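Remarks on the structure that follows.
The values are calculated or read from the model by the stated rules, or taken from the named source; none is laboratory data. Predicted model only: the values in this text are computed from it and were never measured. Using ideal geometry, Cβ is built from the backbone for each residue, glycine included, and neighbour counts are taken over all protein chains shown. These area figures cover heavy atoms from the full protein model, side chains too; ligands, DNA and RNA do not enter into them. Shrake-Rupley method; radii C 1.70, N 1.55, O 1.52, S 1.80 Å.
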Amino acid sequence: MPDESTRTVLVALGAGLGVTLAKVSAAVLTGSAAMAAEAAHSLADNANDLSLFVAQRRSSRPPDDQHPLGYGREAYFWALIAALGVLAVGVAFSLRDGIDELIHPTATQSFAVAYAVLGVSAVFDLVSFRRSAGQMIRRARRYHREFLEEARVTSQSSLRAVFLEDAVSIAGDVIAFAALALNQVTGSSVPQGVAAVLIALVMIRVSLRLIQRSHDFLVGAWAGGGGGPQGHDVAGFTQPLRPAEEERVRAVLLGYPGVTAIRELLFTFLGPGRIWIVARVDIDDDLRGAQVTALARGIESGLKDGAEDVYRVDVVPIGAERSAASTHSSAGASPRRAG
């Protein structure tokens with residue numbers, strides 16, 4: 001049975017097909033630049049949704065010998081491809097239609113048809129938006145975050161893409177409606193050209209944001225306690241893990257008898273809702289091999305059992321004396337000169 005994010009993508013895909021057919025027909029019948037821009041936007045959204053559906057299917061495959069960490073990061077790769085597609089196709093068509101309308105104004109053939117199609121499109125967009133926003137709200141409550149904060153930091157790349165896509169589609173409907181109304185009142189098609197360019201600019205902003213977040217999850221690792229203030233990393237992007245959540249992991253680690261200090265704590269995402277924790281910890285030198293192994297296994301299983309999103313934990317135990325000796329040796333070593 002499809003998970004919640006896959007169902008959200010399927011709802012968006014079904015609604016998007018209906019919107020696209022309506023807007024393409026309206027653009028052909030009316031000659032409206034704003035409608036043409038919205039049709040291009042909808043076509044790009046459909047391609048986006050197809051990529052996200054592929055992402056959901058491929059990222060859910062179980063680990064195998066060639067991919068022991070699983071395929072979860074494929075979700076971020078395909079989300080990146082989808083955002084690039086919207087940027088390359090939807091924006092290009094919208095800008096072209098808008099600039100062409102500003103340079104060579106045309107007359108809209110039927111305002112009634114355009115208004116009717118925009119109304120139908122808005123209904124489809126609202127149905128999809130209700131689904132994606134509802135899932136986002138439930139996740140925000142689950143992780144005790146603000147709604148917009150969850151939209152920024154969620155590891156569910158498909159949900160974020162559909163939610164923003166739906167929000168931009170509704171905004172595009174409003175902009176196109178206003179442009180049509182101004183065109184009808186003034187007799188000038190310039191507002192439609194401006195609307196098409198404005199829609200393209202909104203798509204650029206959202207696409208770049210989606211590209212950046214996909215990049216963050218593909219290559220990012222967050223150092224516990226090493227990020228910026230207020231749960232932000234050094235680049236200013238909101239981390240998907242709050243400082244309080246990192247501190248909880250630290251408290252769990254230090255709560256185990258035999259763990260004397262935490263040398264390094266890293267968090268990275270192996271896919272949507274799949275956190276990989278790597279911890280280098282100092283341990284009591286009195287512990288022997290079997291005891292060290294049991295301690296590491298106990299920490300790993302304890303962290304996995306304590307949080308649903310923790311997919312894998314790797315604990316690297318380091319003896320306190322050996323760690324100190326290693327640090328002293330490194331500090332006293334002479335640097336080599338390049339040959």
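Results, tabulated for the structure shown:
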quantity	calculated
DSSP-defined antiparallel bridges as percent of all bridges, the chain, nearest 5	60
Over the chain: helical MRE at 222 nm, DSSP H runs n ≥ 4 each giving -39500 (n - 2.57), nearest 500	-22500 deg cm²/dmol
Contact order normalised by residue count of the chain, Cα under 8 Å, 6+ apart, percent	18
Per-residue SASA entry for VAL24, accessible area with 1.4 Å probe, Å² rounded to 10	60
The chain - charge dipole about Cα centre, Lys and Arg +1 at Cβ, Asp and Glu -1, debye rounded to 20	200
Residue-by-residue Karplus 3J(HN,Hα) for segment 202-219, coefficients 6.51, -1.76, 1.60, Hz, glycine and proline x	5, 5, 4, 4, 5, 4, 5, 5, 5, 4, 4, 5, 4, 4, 4, 6, 6, 10
Choice from ASP173, ASP314, ASP286 with maximal GNM fluctuation in the chain (Cα, 10 Å cutoff)	ASP286
Between 0 and 90°, nearest 10: helix 320-332 axis offset from the chain longest Cα axis	80
Cα centroid separation - segment 128-186 against segment 252-288, whole Å	38
Relative contact order of segment 117-196, defined on C-alpha pairs under 8 angstrom at six or more residues apart (%)	30
Order of exposure, largest accessible area first, which applies to SER214, SER60 with probe 1.4 Å	SER60, SER214
Distant-in-sequence amide H partners of ILE318 (H built 1.01 Å from N, under 5 Å)	VAL281, ASP282, ILE283
Heavy-atom accessible area ranking, 1.4 Å probe, most first, across LEU266, LEU148, LEU295, LEU180	LEU148, LEU266, LEU295, LEU180
Hz values of 3J(HN,Hα) by residue in segment 4-17 - Karplus curve (6.51, -1.76, 1.60), Gly and Pro given as x	5, 5, 5, 5, 4, 5, 5, 4, 5, 5, x, 5, x, 5
